[in-house]
Structure formats: C-alpha cells, structure tokens
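Please read the structure below before turning to the comments.
The values are calculated or read from the model by the stated rules, or taken from the named source; none is laboratory data. Bear in mind that the values here come from a model prediction, so they are computed numbers and not experimental data. Cβ atoms come from the backbone with ideal geometry, glycine included; neighbour counts cover every protein chain shown.
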Ligand SMILES: C[S@@+](CC[C@H](N)C(=O)[O-])C[C@H]1O[C@@H](n2cnc3c(N)ncnc32)[C@H](O)[C@@H]1O
C-alpha cells in the first residue's frame with residue numbers, strides 16, 4: 001500500500017506512552033502518535049512502525065492541549081532526536097518525575113521520596129553522533145528523520161553546546177566528495193574542556209592526500225584540538241593540538257570519542273554535589289565506586305580526601321584514569337556482570353557508590369545486599385533497573401533516604417536518578 005493510500009482518522013489522544021508519544025484508539029486498536037498530547041483532537045495518517053505496532057503520523061491539530069507550547073527547534077517534528085519540545089514546563093517536569101514514580105510503583109516501592117527533577121536544560125550536551133550519507137542523490141548530514149532511516153540536514157541544534165553547531169556546515173562541505181566512495185560516515189564530536197575532538201568513522205578505504213588535507217584545513221580553521229578518522233578499526237590522527245580532557249575533581253582526564261562520558265558538564269557537577277551532600281562532612285572514608293568509568297565520581301570523592309577503589313571493565317577508560325596522579329585512588333579492571341564483587345569484598349568499605357549501565361547491577365546488587373555495607377549512593381540511567389535493584393536492597397535491610405531525578409537528556413524520554421540508601 002503506498003503512503004498516499006494510508007487511511008486517515010480524526011481522533012482524540014487518550015494518553016501518553018512512556019516515551020511521551022500520544023496514543024489514540026482506532027477501531028479498538030491503539031495507534032502511537034508522536035508529537036501529540038493527551039486530550040488533543042487531531043488528524044493522523046496510519047503507518048506501520050513495526051509489523052505489530054501501528055503508528056499515526058500527526059497531520060493536523062484541531063483542538064490543542066493547554067499543555068502544548070511552541071517547539072524551540074526548527075527541525076522539531078522532522079528530526080528523530082527530540083520527542084518532547086512541545087511539552088509545557090509543568091507537563092515536562094511531571095512526565096520526567098513520573099518515569100521514576102512508575103518504575104518504583106511497579107516494584108511496589110514507596111514513591112513519596114521522589115523529588116522534582118533537576119533539569120539541566122538546553123545547549124549543554126557536550127557530545128554528538130552525526131551521520132553523513134547520500135540520499136536521493138544529495139548529501140545529507142545530521143540525524144535520521146523521526147520514525148525513519150532517512151537522514152536530513154541539521155542546520156542547528158539547540159540541545160548541544162553552542163561550540164558544536166558552527167561545525168555542521170563546514171563538515172558537510174568537506175565530506176561531500178568523500179561520499180562518492182563511502183556509503184555512510186559517522187562523526188563523533190565531543191566538546192572537551194579544552195576544545196573540540198572530532199572523529200570520523202565508517203570508512204572502508206583510506207583517504208587520499210587531498211582529502212586528508214581538506215580535513216586538516218577544517219580542523220585548523222575551526223579550533224579543533226584533535227581530528228582523526230577510522231578505516232575499519234584503524235584510527236589515523238590527522239590533526240593534533242592537545243589531548244582532549246575533562247576535569248573531574250582535581251584532575252584532567254583524557255576523553256575519547258567512544259569512551260563513556262556523562263552527557264553534560266553540568267551533570268558531572270550535579271552528581272558530585274550529591275556525593276558531597278551525603279558524604280561531605282565525614283572524616284576520610286573508604287569508598288568503592290562500582291562502574292567507575294573515567295572517574296567522574298571517583299575523582300570528585302578523592303578531591304574531598306576520601307580513599308576510593310574504582311572498578312570498571314573498560315580498559316581504555318582505566319588507562320586514562322591510570323595516568324592521573326591521584327594517590328587516594330586505586331583501580332581494578334573487572335567485569336562486574338561476570339565477576340561481581342563478593343559480599344566479603346565490601347567489608348573494608350564505609351560507602352559504596354554505583355553508577356551502572358542501563359541494565360543495572362542485578363547480580364552485583366545481590367552481593368551488596370549480603371554484605372556489611374551500610375551506605376550506598378546509586379546513580380542510574382534506567383528507572384526500571386534502578387527500581388528492581390532497590391527492591392532487592394530494601395528487602396535486605398536498606399532504606400531509601402533520598403531520590404532525585406536528573407534530566408540531562410533534555411526533550412528525550414530518558415531520565416537519570418540519584419539515590420541515597422542506608423541501613
Ligand atoms: C553509566 S557509566 C558510568 C561511568 C562513571 N561512573 C561516570 O560517571 O562517568 C557505566 C560504566 O559501566 C561500565 N560497565 C559496563 N558494563 C560493565 C561491566 N560488566 N563491568 C564493569 N563495568 C561495566 C561502562 O564501561 C561505563 O564506564
């Protein structure tokens with residue numbers, strides 16, 4: 001069936017999904033309608049998202065919700081990056097808070113402690129992953145369109161730090177000739193504290209001298225401190241002024257395109273302040289930082305005089321951390337899913353800090369629950385795994401003392417949470 005023949009419906013949006021999309025009911029079946037709000041009367045065109053899920057493209061709004069506000073970005077609705085720019089401030093705050101609330105409720109946990117979210121705000125994301133590809137004979141550089149694989153040209157992006165968008169058009173012009181030979185290229189741009197780090201990836205063949213020179217000229221003209229490109233797994237650095245770093249505690253730690261980094265500099269501070277709030281006044285403590293990455297939390301803690309053992313499986317991240325002259329920090333490379341810290345290994349720790357990936361820390365939490373650990377600071381990027389792990393901890397003597405959502409992925413359905421637990 002061609003798109004012109006897809007049925008159109010006039011519907012009322014009944015509720016929002018967890019991703020903040022509207023849901024309408026048509027002939028007893030639910031249709032997901034991105035960019036629509038509860039209570040709105042709209043016309044939609046039926047599309048399939050997958051074979052099971054039906055998706056309705058929002059064509060017209062006849063009665064709009066009092067919670068609708070104009071979007072900030074010219075690309076909103078086309079771009080697949082943001083879903084929630086049309087939410088009023090109140091709806092947005094409630095929606096983000098509800099993500100945590102629902103997850104705790106599913107686990108039967110008390111939700112009364114959940115505070116209003118800290119909203120980091122726009123213009124702060126320090127990292128972007130863009131693609132460039134030829135589509136319908138034209139070079140496109142940016143993100144996918146919403147609900148599609150089709151790329152489109154991003155001219156501006158209010159989400160990211162203002163240092164990044166001025167690179168968009170010059171990069172597009174430089175890589176346009178490359179796409180004669182390559183199907184798809186990715187750009188990873190990171191705003192380090194000392195400048196921009198750019199990695200181009202996805203090349204099948206090495207670039208020729210002229211192409212390399214065009215990238216070097218671009219790097220020099222735009223104050224990029226490191227520019228590299230990757231042919232399969234081999235990385236060639238074309239331009240290097242200094243090592244890109246981010247400051248954690250008292251130290252500058254090297255960052256790379258693929259290593260984990262919190263989405264904004266502001267979140268590093270929010271997490272560090274939370275640690276300070278709960279541990280700041282204490283005598284020097286022995287702390288275990290599980291899933292420590294490049295040391296965002298570990299080095300915030302050593303700055304306050306605490307002795308930290310950081311554990312992480314990413315060898316590259318630990319290499320960067322090892323270069324830091326911090327006598328209070330000890331690190332261990334370990335896969336905490338395959339080989340979790342055992343209960344007795346927590347004996348020497350006064351406090352455990354943990355910031356796992358989206359999957360959470362299921363097996364690790366079981367050991368932690370059996371241990372003598374009395375204080376835990378849990379920072380999570382996934383309300384469901386957070387709630388599951390908390391459920392287990394609460395069944396084993398811990399109590400939740402504070403829960404603060406942190407919105408570092410503005411206008412997306414993501415939310416982080418910081419929690420303090422004690423026995
Ligand atoms: C959400 S990040 C947190 C990193 C760090 N705490 C920070 O704030 O920058 C999760 C970290 O867990 C690490 N990780 C993922 N799976 C792991 C595993 N099985 N064992 C140990 N570390 C793992 C990742 O490499 C990543 O550095």
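Checking residue 188 against (1) away from the ligand (no atom under 16 Å from the Cβ); (2) part of a strand (DSSP E or B); (3) in the same structural domain as residue 408 (by TED's automatic domain parsing), which single condition isn't satisfied?
So residue 188 meets the others, but not (3).
Condition first: touching a helix residue (DSSP H, G or I) at 6+ places or on another chain (Cβ under 6 Å) and within 14 Å of residue 128 (Cβ to Cβ). Can you find one or more residues in the stretch 156-175 that meet it?
Among the residues of the stretch 156-175, at least one is touching a helix residue (DSSP H, G or I) at 6+ places or on another chain (Cβ under 6 Å) and within 14 Å of residue 128 (Cβ to Cβ), which makes the answer yes.
Only one of (1) more than 11 Å from the ligand (Cβ to nearest atom); (2) buried (at least 23 other Cβ atoms within 10 Å of the Cβ); (3) under 23 Å from residue 423 (Cβ atoms) is not met by residue 380, so which one is it?
Result: residue 380 fails condition (1) only.
Test of understanding: among 146, 89, which residue is surrounded by 15 or more Cβ atoms within 10 Å (Cβ to Cβ) and over 17 Å from residue 187 (Cβ atoms)?
146
If you scan the stretch 165-194, which residues turn out to be at pLDDT 95 or above and buried (at least 18 other Cβ atoms within 10 Å of the Cβ)?
188, 189, 190, 191, 192, listed by residue number.
From 392, 414, which residue is touching a helix residue (DSSP H, G or I) at 6+ places or on another chain (Cβ under 7 Å), surrounded by fewer than 22 Cβ atoms within 10 Å (Cβ to Cβ) and outside any strand (DSSP E or B)?
392
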